[in-house]
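One structure is given here, and the rest of the page talks about it.
The values are calculated or read from the model by the stated rules, or taken from the named source; none is laboratory data. None of the values given here were measured: they were computed from a predicted structure. Cβ coordinates were reconstructed from backbone atoms using ideal geometry, including for glycine residues, and neighbour counts include every protein chain displayed.
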Amino acid sequence: MCAFVRDVLHPREIGVILSYRCLSDCAHCLYNSGPNWRDWMDEDEVGAALRTAKKVWGSGFQLHFTGGEPFLHFPLLRASVQIAVDLDIPCYVETNASWCRDQQKVGDRFRQLREVGLDAVLISVSPFHQESIPLKHTLDAISIARSVFGDNRVIVYQSDWLPEMSRHGVDGPVPLDVYQSEYGANQAGLHLWLGYGLISGGRAGYRLGNLVPKRKAEAFHGVNCQAELLFAPHSHLDLYGNYIPGFCGGITLGDWHDLEALIEGYGEDRYPTLIRLLIERGPFGLYQKAVGAYAYQPLPDGYAGKCHLCVDVRKHLLESHLFEETLKPHKFYESF
């Protein structure tokens, strides 16, 4: 009997990152989004990204527009949804509700997106967002979106957190310290990391790593990143042309403008050097290479997870002007 072979670089969920700009600077962000980012994709590039995806992956994927916060450039978001609808690509939009300060404006924007053919809205619920976004904005967004799209077309991501977050207050930001005060540091760490399903990439390892036991780099020996890089079911195309596998912020597999050639190369095991190291030996292999050849110094307290190890090594490599074609966007490494 033949074994099932998955296709390389064939995600079922594609996110188009219209911008990394966001009103928040969340501690858990995998893409290091925040207010210091300025650039946006334009309509022509959105069209190019969606036509390329459609040509290569056909109808076998679902699309979402994301960021950053895509609602911060609403004319672009609306035009992007229209492009997807015209190409017959099912799509939804992700938001953290940071912009939802005027209920009339929220309703108007949701109605405009429904009228151009948006399928659904995903609204994130997170104690990490609540550090800067009052829960009232999130609750208003959920209520208004349901009135416009209907209950079945509003996805509340991590809705299980709503009762606890509501208990800590809805009218203003709530610092994560309240969880440590309530549960104690160790239990709060387990609750926030495991309860939310945090990944230690992006900012999380640095800003939230104090809440979990850290491990030395050797603890991640023998763990590779083949699944995340080659077979991720969820990947992103960003405004700078980067194909970002899985949730690996700060890594590009190549330029999505030439997606067919990119996929062909990976299918024939033609990988950039850094990517090959991660596929074959994982973050610990990258760490060994960086220590031996590029003067990387390990973090004395260790790492919150394998992705934290990977990000810290990559940060050092880019600061040393190494692997610049793979470590993109460069501003990711300035935004911790």
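Determine whether Val174 is of a type in the set (A, V, I, L, M, F, W, C), at pLDDT 95 or above, loosely packed, with under 15 Cβ neighbours inside 10 Å and over 17 Å from the mean Cα position of the chain (by Cα).
no
Determine which member of the set Gly250, Gly246, Gly282, Gly265 is of a type in the set (Gly, Ala, Ser), part of a loop (DSSP other than H, G, I, E, B) and farther than 16 Å from Tyr206 by Cβ.
After ruling out the rest, the residue left standing is Gly246.
Suppose we keep only residues that are over 24 Å from the mean Cα position of the chain (by Cα) and aliphatic (A, V, I, L, M) within the stretch 271-306. Which one would you say is farthest from Leu190 (Cα to Cα)?
That would be Ala293.
If a residue must be over 24 Å from the mean Cα position of the chain (by Cα), over 10 Å from Pro127 (Cβ atoms) and not acidic (Asp, Glu), how many such residues does the stretch 177-198 contain?
7
Are there any pairs with C-beta distances below 6 angstrom linking a residue in the stretch 156-175 that is charged (D, E, K, R) to a residue that is outside any strand (DSSP E or B), with the two at least 6 apart or on different chains, and if so which?
Cβ pairs passing all conditions: Asp171/Pro134; Asp171/Lys136.
Residues checked against (1) out of contact with any strand residue (DSSP E or B) (no Cβ under 7 Å at 6 or more places or on another chain); (2) touching a residue at least 40 places away in the same chain (Cβ under 8 Å):
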| residue | (1), (2) |
| --- | --- |
| Ala204 | yes, yes |
| Leu211 | yes, no |
| Gly222 | yes, yes |
| Leu229 | yes, yes |
| Ile244 | no, yes |
| Gly250 | yes, yes |
| Gly254 | no, no |
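Taking the stretch 28-55 on its own, how many of its residues are buried (at least 22 other Cβ atoms within 10 Å of the Cβ) and without any contact (Cβ under 8 Å) to a residue 24 or more places away in the chain?
0
For Val116, are the conditions met, namely being of a type outside the set (Lys, Arg), within 21 Å of Val16 (Cα to Cα), touching a residue at least 24 places away in the same chain (Cβ under 8 Å) and surrounded by fewer than 19 Cβ atoms within 10 Å (Cβ to Cβ)?
Judged against the criteria, Val116 is a match.
Let me spell it out: the conditions are (1) farther than 18 Å from His234 by Cβ; (2) assigned to a loop (DSSP other than H, G, I, E, B), and Gly60 meets all of them except one. Which number is the exception?
Unmet for Gly60, out of (1) farther than 18 Å from His234 by Cβ; (2) assigned to a loop (DSSP other than H, G, I, E, B): (1).
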